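Since the structure comes first, as structure tokens, the remarks are kept for the end.
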Amino acid sequence: MVLLLNTHKNFDTNSLTIQCYSENQTTQIISNIQIRMGSVSAVDCQWAFFIANCSTVTNPYYFGLTSPNKPKAVEIDFETPILDKKYPVAMCYPPMVYESRWQQIIFATEIYHYFGTDLQIQYINSAMKEIVDILEVYESKGWVKNERFAFFDFVDEDVETIGLNPMLEIQARNLPLALTDCLMKYRESSEFIIVADVDDILFPKRDTFFDEFLHLKHKHPTAAGFMYHRSYAKIDVAKTFEKFSMKNSLQTFKITKPTFYGKTIHQPKYSETAWVHNPGLNNDSTITILPEENKMWHVMIEAKKVRKVKNFARFTSEKQDDNDFEKYTIEKDAIEAIEESFVKTFKNFTNIPKNNNAYTEILYNCFKKHEGWDGSLPCFTPLRCKMPKSVPNFKCKVAQRDYKVRRLADNIMLYLSKNPYSWKSSDNGCQLLSHN
């Protein structure tokens, strides 16, 4: 059994007396648990992502955690990996939060499908309603699997007990937990798993992603993953859905040369956890692909957001000059096929998204403010960005789920989801938490 959890980053895993309890129709066992930090912890955040694992009976129907102070186990609901279908190349996106970039979502989904991604898994915390509608169209085609991803809406009493609101002390969008959840679900059914954002585009140098990744696997069979450097790129996009064209956007694809921190294609057989850029554990075996061999493009739809690269992990506040760009050539047959696919998919689509970049601009500027990552500012999370109380005509869907509290030991409280996900809908913007 593998458990993914958030807790205080200074949590002393060595002094724990927690054990796992599992049973099936004939057997029950108690086993020791191993808990480790699952990825790099942010210097400015108090909470982090941890991974725990322990042995269980075969095919358990009950699983829980126990301690000397709690002889009766606290039951933990669990899922099983996807086993009934193979997805040789899958893709895990980080959670959408206040998402409104419908053009980039379509752009990425169509390209990754065309070049051979068998399934794209989207984790949705909050997004424009029309984006959810678009993703449900792709889901009906079997291209996408949509996973709701709720934040814990801690009530004031629990915040007082804990001493802080954990959701304000978990970096970014809780990316490592969500990405590792995706990695765990598809590790048995996929040979390669791409981990990247909707604005990260990879074009394979070989015919398909599978061909390219298999070539890398033959050279590095036990690598946890293959990291591709990134460079900025930009495309032109229509502001209205009626005028949006994959063909036009692909034909305006322009690139820059400076490279910076990339994204990774994981080999789930060897990759245990996923961080935003690379495996969270066992990263020493990750192979970095030379930029001259291939790289990802960090694609912007606004030229002002293509910034000059200072070094591998830092940017300046200046935007790239127009003469820093050069045209990127994409094969005509590919452009025509991708355009045809998009038109066919949405020919009867009526839930037309409107351009509303209120959240996008706030998140972009909030991120820029925090990107020093030196501990001088509070933990960076979208929940700390100052959002308007309402955004007129922005229809939003927010994933939500209630939680329950169970005491495992004198100093250990478990906050567990207690019901299925549901959508909370609003016509005037997104409200993620009622208690923050």
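Where a number appears in this text, it was derived from the coordinates with a stated rule and is not lab data. Since this is a predicted model, take the numbers as computed values, not measurements. Note that we place each Cβ from the backbone using ideal geometry, even for glycine, and neighbour counts take in every protein chain shown.
Here the 3J(HN,Hα) profile of the stretch 213-221, calculated from phi with Karplus coefficients 6.51, -1.76 and 1.60 at θ = phi - 60°, is 5, 5, 4, 5, 5, 4, 7, 9, x Hz, Gly and Pro shown as x. Here the Karplus curve 6.51 cos²θ - 1.76 cosθ + 1.60, taken at θ = phi - 60°, turns the phi angles of the stretch 421-432 into couplings of 5, 9, 9, 9, 10, 9, 9, 9, x, 10, 10, 7 Hz, with x standing for Gly and Pro.
Rounded to the nearest Hz, the phi-derived 3J(HN,Hα) couplings of the stretch 179-185 under the Karplus curve 6.51 cos²θ - 1.76 cosθ + 1.60 (θ = phi - 60°) are 5, 6, 4, 5, 4, 5, 5, where x marks glycine and proline. For residue 63, the residues whose modelled amide H falls within less than 5 Å of its own, excluding neighbours fewer than 5 places apart on the same chain, are 76. For the stretch 295-356, state which GluC sites (Glu not before Pro) are in a DSSP loop and have at most 15 other beta carbons lying within 10 Å of their beta carbon. Filter output for the stretch 295-356: 302, 331.
Of all stretches in the chain that contain no chymotrypsin sites (Phe, Trp or Tyr not before Pro) in a DSSP loop with at most 13 other Cβ atoms within 10 Å, the longest one is 62-311.
Charging the Cβ of each Asp and Glu at -1 and of each Lys and Arg at +1, and nothing else, the dipole of the chain about its Cα centre rounds to 480 debye.
DSSP assigns beta bridges within the chain; of those with both partners inside it, close to 70 percent run antiparallel.
For the stretch 318-431, a Kirkwood radius taken over Cα pairs fed into Stokes-Einstein (4 °C, viscosity 1.567 mPa s) yields D = 65 µm²/s.
Report, in cubic angstrom per residue, the convex hull volume of the C-alpha atoms of the chain.
Spread over its residues, the Cα hull of the chain gives 151 Å³ apiece.
Distant-in-sequence amide contacts of residue 9, defined by a placed amide H-H separation under 5 Å and a gap of 5 or more residues or a different chain, comprise 47, 48. Taking every DSSP bridge with both residues inside the stretch 6-146, close to 70 percent are antiparallel. D by Stokes-Einstein for the stretch 50-118, Kirkwood Rh over Cα pairs, 25 °C, 0.890 mPa s: 147 µm²/s. For residue 144, the amide hydrogen comes within under 5 Å of the amide hydrogens of 120, 139, counting only partners 5 or more places away or on other chains and with H modelled in the peptide plane. Charges on Cβ only, +1 for Lys and Arg, -1 for Asp and Glu, centred on the Cα centroid of the stretch 87-191; of 121, 178, 151, which one is farthest towards the dipole's positive end? Result: 121. Which residues make up the longest stretch of the chain that has no trypsin sites (Lys or Arg not before Pro) in a DSSP loop with at most 15 other Cβ atoms within 10 Å? No qualifying site falls inside 1-84, the longest such stretch. Annotation: average projected area of the stretch 133-250 is 11.9 square nanometres, based on the convex hull of Cα atoms across all directions.
Per residue, the convex hull spanned by the alpha carbons of the stretch 1-133 comes to 176 Å³. Beta-bridge orientation, the stretch 224-334: approximately 60 percent antiparallel, per DSSP, counting only bridges with both partners inside. Stretching residue 434 away from residue 140 to a fully extended chain increases their span by 102.6 nm, per 0.36 nm per residue minus the current alpha-carbon distance.
In this simple spin-label approximation, residue 405 and residue 2 carry label points 7 Å from Cα along the Cα→Cβ vector, and these lie 3.1 nm apart.
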